[in-house]
1. So how tilted is helix 136-146 from the main axis of the chain? Cα-based, degrees 0 to 90, rounded to 10.
2. Pull up all non-local amide H partners of Phe156: gap of 5 or more, or a different chain, and H-to-H distance under 5 Å with H placed in the peptide plane.
3. How would Asp135, Asp149 line up by accessible area, probe 1.4 Å, largest first?
4. Classify region 44-115: rounded, prolate or oblate, from the alpha-carbon gyration tensor (a ≥ b ≥ c, eigenvalue square roots; a/c under 1.5 rounded; otherwise prolate if a/b is larger than b/c)?
5. Quantify, in whole percent, the carbon and sulfur part of the accessible surface of the chain (1.4 Å probe; protein heavy atoms only).
6. Just to confirm the filter: which GluC sites (Glu not before Pro) across region 16-94 are DSSP coil and have at most 15 other Cβ within 10 angstrom of their Cβ?
7. By its C-alpha gyration tensor, with a ≥ b ≥ c as the square roots of the eigenvalues, how is region 93-231 shaped: rounded for a/c under 1.5, else prolate for a/b larger than b/c, else oblate?
8. I'd like the accessible area for Lys140: 1.4 Å probe, protein heavy atoms, all chains in place, Å² to the nearest 10.
Amino acid sequence: MSMDKLKVGVVYGGKSGEHEVSLQTAFAVTNAFDYKKYELVPFYISKQGTWKKGPVMHAPFAQIEDLKLEQSAGGTQDALNALFGRLYGGAEALDVMFPLLHGTFGEDGTIQGMFEMADMPYVGAGVLASAGGMDKVVMKKLFAQAGIDQCAFTYFNATQWKQTEHEMIVQVEDQLGYPCFIKPANLGSSVGISKARNRDELKTAVEFALRYDTKVVIEEFVEAREVEVSVLGNDEPMASVPGEIVSSGEYYDYAAKYIDGQSQMLIPAPLDPEAADRIREAALQAFRAIEGNGISRADFFIRKNDGALLINEVNTMPGFTPYSMYPLLWRETGVSYAELLDRMIELALERYNRKQALNYENGVQA
């Protein structure tokens with residue numbers, strides 16, 4: 001490592017249904033880094049799960065397709081040697097990993113656990129927060145325990161559906177009614193989500209969601225405004241100004257988020273100061289409820305008939321595409337894109353250094 005540059009491994013792609021979203025995020029992030037301050041090493045994970053490691057970057061990628069590192073000779077072995085280099089004092093050891101992997105195997109604690117085993121500092125949430133934030137059912141249980149208001153919901157797994165489909169349908173109809181939303185429990189970016197208005201649509205929606213995960217969560221429909229808050233920090237997190245989504249579709253789906261750019265983002269959200277403060281405080285409460293670190297985006301509903309604030313979810317790996325809320329909210333709060341990247345890396349190193357000071361021996365005092 002040159003004395004004045006941090007060597008940052010940027011990991012993107014992955015086996016999840018959000019592979020393409022990850023590429024868009026990585027393209028935006030690698031274009032925003034200050035190459036005078038950092039040495040970037042790209043790590044691409046294919047849809048099949050193979051790794052490719054590229055050479056140190058001296059300039060951003062020209063186009064998204066270049067992120068797939070077709071010209072790169074370094075395969076999975078090279079990538080893992082670099083990743084685990086700190087353990088055996090490898091000359092090419094990285095200073096910090098920056099995962100830009102959305103969804104399964106990237107946002108769910110699995111790669112975070114790999115970084116922990118490699119003794120590698122990494123940006124973003126830890127193993128527990130990543131896993132808890134990824135599984136919508138576990139996340140909702142954590143919110144409930146923390147006393148954070150949320151929509152009514154129910155859930156079941158593929159085996160329960162297969163064995164007791166009729167009972168599951170009746171449960172949904174009794175507890176939630178129509179319309180309702182059906183989601184895979186472990187996926188983000190609105191992939192696999194459907195709205196059901198009747199029993200036939202519910203059956204179709206559940207079968208669709210079960211293509212993406214073995215567990216589904218079903219939520220009541222709420223006529224509401226959608227408001228989001230970005231959170232940044234470790235033990236003393238800060239909340240951005242809230243922003244409001246006015247969707248181009250019936251709900252804020254994948255196309256509205258990443259493709260058409262037609263959804264309107266109102267930043268800051270048109271809220272009175274008291275309501276804005278209440279939402280910011282709730283975002284910090286949700287961050288603490290999942291044991292958050294680094295970054296997260298908290299998404300809320302403001303119910304139209306009574307103004308009640310309901311948390312929808314937290315996202316521990318929010319997108320950084322040109323249409324993404326997370327960096328836009330911080331920009332409005334006075335933190336630029338480049339400053340945000342700096343701060344995220346600082347937080348990763350801060351958390352790593354704090355953990356290094358812990359004693360992992362048998363607990364017997366000297």
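1. With both axes taken from Cα atoms, the answer is about 80 degrees.
2. Answer set, sorted by chain and number: Val216.
3. From most exposed to least exposed: Asp149, Asp135.
4. On the way: a/c = 1.62, a/b = 1.09, b/c = 1.49.
Oblate, because a/c is 1.5 or more while a/b does not exceed b/c.
5. On the chain, the fraction of accessible area on carbon and sulfur atoms equals 50 percent.
6. Glu70, Glu92
7. It is prolate, given that a/c is not under 1.5 and a/b is the larger ratio.
8. 10 Å²
The values are calculated or read from the model by the stated rules, or taken from the named source; none is laboratory data. Nothing here was measured: the structure is a model prediction, and the numbers come from that model. Heads up, the Cβs are rebuilt from the backbone with ideal geometry, glycines too, and the neighbour counts pull from every protein chain shown. SASA here: full protein model, heavy atoms, side chains in, ligands and nucleic acids out. Shrake-Rupley method; radii C 1.70, N 1.55, O 1.52, S 1.80 Å.
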